[in-house]
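Student: I have a structure here, written as structure tokens, and I will follow up with some questions on it.
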Amino acid sequence: RPVLRPVFRWTQPLRFAAAALVAAAFWLWSVLQVAPGSDYTIFRSRMVRAAIREYRMEITTNDLPTIRSYLASHQAPADFEFPSGLASLPPIGAGTLSWQGGRTTMVCLDGGPDGMLYVFVVPETGLSSAPPTETEFARVNRLSTGTWSHNGKTYVVASSASLEAIQKYF
């Protein structure tokens, strides 16, 4: 025989109020949320993952003017400035990656015994926060990195070499 339970009609407005409160909290959280992945540490982590995946260069040449021309034609930062130690290394090639609706530059440098060094460049406008002008060194995943800002751009250098090995290029 079916059991009849009493219906409490006064609980229905409470359910609507609870649902409205949850919806309002979700809306407020989404409005106050910063764009995901736009801070320089997230950028650095994503670029390191690209280097670990053995990202293929789109252009292979040791001629820096040719690399700059290629990058400019693909709407990626081409007017980068490397510290003297990195600038002394011969380029191997370059490529582009997407980041926050824009393009990021990747330049591969021949570090000799230190192996390949990947240098990523993004305009600071593509980040919610940029690193300090002084280079910040850190291990990210299996790579050593150096991250810094200069003239409106953020740079990340990544290498499988030790932190001490990449510090000598700065």
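The values are calculated or read from the model by the stated rules, or taken from the named source; none is laboratory data. Quantities reported herein were computed from a predicted structural model and do not represent experimental measurements. In this analysis, Cβ positions are derived from the backbone assuming ideal geometry, glycine residues included, and neighbour counts consider all displayed protein chains. Note: accessible area is taken over every heavy atom of the protein model, side chains too, but ligands, DNA and RNA are not part of it. Shrake-Rupley method; radii C 1.70, N 1.55, O 1.52, S 1.80 Å.
Student: Considering every residue within the stretch 126-136, establish whether at least one is of a type in the set (A, V, I, L, M), modelled with pLDDT of 90 or more and within 21 Å of A50 (Cβ to Cβ).
Tutor: No, the conditions are met nowhere in the stretch 126-136.
Student: Here's something else I'd like to know. Name the pairs: first residue in the stretch 115-139 and more than 15 Å from Q167 (Cβ to Cβ), second residue acidic (D, E) and open to solvent by 40 Å² or more (accessible area, probe 1.4 Å), Cβ to Cβ under 7 Å, at least 6 apart or on different chains?
Tutor: Pairs found: M116/D110; L127/D39; S128/D39; S129/D39; A130/E124.
Student: To continue, here is another question. Select, from S159, S98, S129, the only residue that is out of contact with any helix residue (DSSP H, G or I) (no Cβ under 9 Å at 6 or more places or on another chain) and on the phi < 0 side of the Ramachandran plot.
Tutor: The unique qualifying residue is S98.
To keep it simple, each residue is scored yes or no on (1) out of contact with any His (no Cβ under 8 Å at 6 or more places or on another chain); (2) within 21 Å of F43 (Cβ to Cβ); (3) open to solvent by less than 70 Å² (accessible area, probe 1.4 Å).
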{"residue": "T60", "(1), (2), (3)": "yes, no, no"}
{"residue": "R68", "(1), (2), (3)": "yes, no, no"}
{"residue": "A76", "(1), (2), (3)": "yes, yes, yes"}
{"residue": "S88", "(1), (2), (3)": "yes, no, no"}
{"residue": "I92", "(1), (2), (3)": "yes, no, yes"}
{"residue": "G95", "(1), (2), (3)": "yes, yes, yes"}
{"residue": "W99", "(1), (2), (3)": "yes, yes, yes"}
{"residue": "C108", "(1), (2), (3)": "yes, yes, yes"}
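Student: Then there is this: Do any residues in the stretch 87-107 that are closer than 25 Å to Q167 by Cβ and free of Cβ contacts under 8 Å to residues at least 40 places away in the same chain have Cβ atoms under 7 Å from those of residues that are part of a strand (DSSP E or B) and polar (S, T, N, Q), where the two are at least six apart or on different chains, and which pairs are they?
Tutor: If the second residue must be part of a strand (DSSP E or B) and polar (S, T, N, Q), the pairs left are I92/T60; G93/T60; A94/T105; T105/T96.
Student: Taking E164, is it touching a residue at least 12 places away in the same chain (Cβ under 8 Å) and among the charged types (D, E, K, R)?
Tutor: no
Student: Quick one: how many residues across the stretch 150-161 are touching a residue at least 40 places away in the same chain (Cβ under 8 Å) and either open to solvent by 20 Å² or more (accessible area, probe 1.4 Å) or of a type in the set (S, T, N, Q) (or both)?
Tutor: Residues in the stretch 150-161 being touching a residue at least 40 places away in the same chain (Cβ under 8 Å) and either open to solvent by 20 Å² or more (accessible area, probe 1.4 Å) or of a type in the set (S, T, N, Q) (or both): 6 in total.
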